[in-house]
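K.L.:
Sharing a structure, written as structure tokens. Questions coming.
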Amino acid sequence: MKFVEIFRYELSYRLRSPATWLYTALMFFGPIAMAHFSDSANDRVINAPLHYAEIVGFIGFIAMFATAGIFGDAATRDASTGTQALFNTAPITKLDYLGGRFAASFLVNAVVLLGPPIGVALSTLSPWLTHFNWSPFRIGAYLQPYLIFALPNLLLSAAVLFTIAALTRQALAMYLGAVGLLIVNLVVVNQGLGSDTVE
């Protein structure tokens with residue numbers, strides 16, 4: 001099946017790409033650094049769900065550009081390397097071609113987004129941070145934001161960015177789309193915080 005072959009090729013390509021490992025390092029070590037340098041003077045519980053959500057929200061800005069990089073490359077690589085005409089004459093459908101690349105990129109990006117929960121969870125085991133306030137380890141506190149917020153947001157943003165990149169074949173247009181999504185996200189978050197304040 002062509003879809004599976006394209007999926008495997010794209011997955012292999014992404015795993016060989018230095019950019020993928022750079023995104024993974026940022027997603028993993030960024031939250032660890034934030035947990036290590038959090039201000040504990042006000043007796044905040046570092047891995048409390050609210051504080052963890054703040055860390056994930058901040059890392060989300062970096063994650064958006066990682067998503068743009070991964071999906072933008074998948075959609076525009078052939079146009080930028082001049083091999084688009086070759087794929088246009090190949091006996092594959094657009095669904096197999098674009099679907100295989102999207103699915104592989106989504107899988108890689110979903111694994112990259114496991115960095116924050118794993119990083120913060122491992123920080124709770126650091127013996128040199130015993131002076132911090134830690135709540136009891138609950139795997140649900142890390143999995144719930146990932147499953148309820150991170151993955152749905154990834155699916156939505158990836159679909160938008162991949163579509164922009166596939167239609168325009170321009171990385172600039174795709175990154176402008178990423179900036180637009182970030183602005184929309186900021187507006188929605190600020191509106192939510194404003195309504196909570198009023199209540």
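The values are calculated or read from the model by the stated rules, or taken from the named source; none is laboratory data. Computed from a predicted structure; not experimentally measured. Don't worry about glycine lacking a Cβ; one is built from the backbone with ideal geometry, like all the others, and counts go over all protein chains shown. Accessible surface areas use protein heavy atoms only, side chains included; no ligands, DNA or RNA. Shrake-Rupley method; radii C 1.70, N 1.55, O 1.52, S 1.80 Å.
K.L.:
Take peptides 23-29, 156-162 and line them up by average Cβ neighbours within 10 Å, highest first, as a rough protection proxy. Present the calculation step by step, with values, prior to reporting the outcome.
P.N.:
Values: 23-29: 17.1, 156-162: 19.4.
In decreasing order of mean packing, 23-29, 156-162 become 156-162, 23-29.
K.L.:
Pull out the extension gain between K94 and I118, defined as 0.36 nm times the separation in residues minus the alpha carbon to alpha carbon distance; nm, one decimal.
P.N.:
5.0 nm
K.L.:
If you don't mind, another one. Ordering D78, D96 by how much accessible area each has at a 1.4 Å probe, largest first, what is the list?
P.N.:
Working: D78 5, D96 30 Å².
Descending accessible area places them as D96, D78.
K.L.:
With no solvent and one equal point scatterer per Cα, compute the Debye intensity ratio I(q)/I(0) for the stretch 133-176 at 0.16, 0.17, 0.27, 0.28 Å⁻¹ and report its log10, rounded to two decimals.
P.N.:
For the requested q values the scattering log ratios are -0.56, -0.59, -0.87, -0.90.
K.L.:
Modelled label-to-label distance, L143 and A173, 7 Å Cα→beta-carbon offset: nm?
P.N.:
Roughly 4.1 nm, to one decimal.
K.L.:
Can you tell me the order of 12-21, 105-114, 66-75 when each peptide is scored by its average per-residue count of other Cβ atoms within 10 angstrom, highest first? Show your work: numbers first, answer last.
P.N.:
Working: 12-21: 13.9, 105-114: 20.0, 66-75: 24.8.
In decreasing order of mean packing, 12-21, 105-114, 66-75 become 66-75, 105-114, 12-21.
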